[in-house]
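Data first, discussion second: the structure below is written as structure tokens.
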Amino acid sequence: MKPPLVVGNWKMHGTQSQAVALARDVRRGLRRSRKVQVVLTPPFTALAPVGKIVRGSSLCLAAQNIHWEEQGAFTGEISPEMLRELGCRFVIIGHSERRHIFGETDKTIARKLAACLRSGLRPILCVGETLEERIKGKTTRVITRQLRVALKGVVKGAIEKIEIAYEPVWAIGTGRNATPGQISRVHAMIRRRLKKLFGTRPAGQARILYGGSVRPENTGELASVKEVNGLLVGGASLKAKDFISIVAIFSRS
Ligand code: PGA
């Protein structure tokens, strides 16, 4: 199995100078941590300067979104090649804010995921149910559909290049994380789906991350869930001290 993965998703926070300061602090604080792969995901406008800071360190750079075409008349969009040139290695795909605020569908997410794989970027595919879907007992159905559509057309071996993030929508930015029991059930279900789609061995290689109100205080508990192979951190990744603690706690457990 690959090392665990901890991703900081900065969302639409930080000017270039703020992002640079944060990246510097994180780099300094994580000098000794090797057991966990750490990824920083600044806004597009800060990718270039943050890319320079992570170069030569154990940190990796990621983008928060991507367009599936290589170039063309797509006002406001960013191509895979543009991201690669800036040093990105990962891209977050299908984050719930993209799905629910900007109307991204499973189909557009599938195109983005395919574009990542074509261009050598590692997609971090986010899936997760809303509170209403959970209450109505639709969690498995929703996530199964999200996985099936997004991964349609992905060849068997390519699953090793994909990271999956389970992010229950009701846990994002709410201060209310899912319980270890809820997480372990969903992660086990995702793993079973992947095995069905891609075979036991390749599917065993995909990392399944948890995201939603991760903080230093709950990291130990979340990291102890057997099926959690990493974390996707939003709000707490904006404070270098908290993010460094999260990585440190995860690498100890
Ligand atoms: P949060 O966000 O940690 O602020 O809940 C997680 C995410 O949106 O990836």
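The values are calculated or read from the model by the stated rules, or taken from the named source; none is laboratory data. Note that the structure is a prediction, hence the values are computed from the model and not measured. Note that we place each Cβ from the backbone using ideal geometry, even for glycine, and neighbour counts take in every protein chain shown. Calculation scope for accessible area: heavy atoms of the full protein, side chains included, ligands and nucleic acids excluded. Shrake-Rupley method; radii C 1.70, N 1.55, O 1.52, S 1.80 Å.
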Inset, instruction - Looking only at segment 215-223, decide whether some residue is more than 23 Å from Arg99 (Cβ to Cβ), away from the ligand (no atom under 16 Å from the Cβ) and among the β-branched types (Val, Ile, Thr). - result: no
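Is there a residue in segment 179-201 that is outside any helix (DSSP H, G or I) and within 14 Å of the ligand (Cβ to nearest atom)? Can you show your working first?
Step one: filter segment 179-201 for residues outside any helix (DSSP H, G or I), giving 179, 199.
Pick out the ones that are also within 14 Å of the ligand (Cβ to nearest atom) and you get none.
Within segment 179-201, none of the residues are outside any helix (DSSP H, G or I) and within 14 Å of the ligand (Cβ to nearest atom).
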Legend entry - Count of residues meeting criterion [out of contact with any Leu (no Cβ under 7 Å at 6 or more places or on another chain) and farther than 25 Å from Lys11 by Cβ] in segment 199-225: 7
Inset, instruction - Can you confirm whether segment 101-122 contains a residue that is in a strand (DSSP E or B), of a type outside the set (Gly, Ala, Ser) and in contact (Cβ under 8 Å) with a residue 60 or more places away in the chain? - result: no
Inset, instruction - Scan segment 163-173 and give yes if some residue there is within 16 Å of the ligand (Cβ to nearest atom), farther than 27 Å from Arg118 by Cβ, out of contact with any Leu (no Cβ under 6 Å at 6 or more places or on another chain) and modelled with pLDDT under 95, otherwise no. - result: yes
Inset, instruction - Considering each residue of segment 37-56, count those that are closer than 11 Å to Gly14 by Cβ, part of a loop (DSSP other than H, G, I, E, B) and out of contact with any His (no Cβ under 8 Å at 6 or more places or on another chain), and give that number. - result: 1
Legend entry - Qualifying position, being in contact with a Phe, Trp or Tyr (Cβ under 8 Å, 6 or more places away or on another chain), under 20 Å from Gly211 (Cα atoms) and of a type in the set (A, V, I, L, M, F, W, C), among Ile143, Ile135, Ile101: Ile143
Legend entry - Single unsatisfied condition, Glu221 versus (1) outside any helix (DSSP H, G or I); (2) of a type outside the set (Gly, Ala, Ser); (3) over 18 Å from Thr130 (Cβ atoms); (4) open to solvent by 40 Å² or more (accessible area, probe 1.4 Å): (1)
Inset, instruction - Could you grab the pairs with beta carbons closer than 7 Å, sequence gap of 6+ or different chains, first residue in segment 131-144 and under 16 Å from Asn177 (Cα atoms), second one among the aromatic types (Phe, Trp, Tyr) and in a helix (DSSP H, G or I)? - result: Leu131/Trp170; Arg134/Trp170
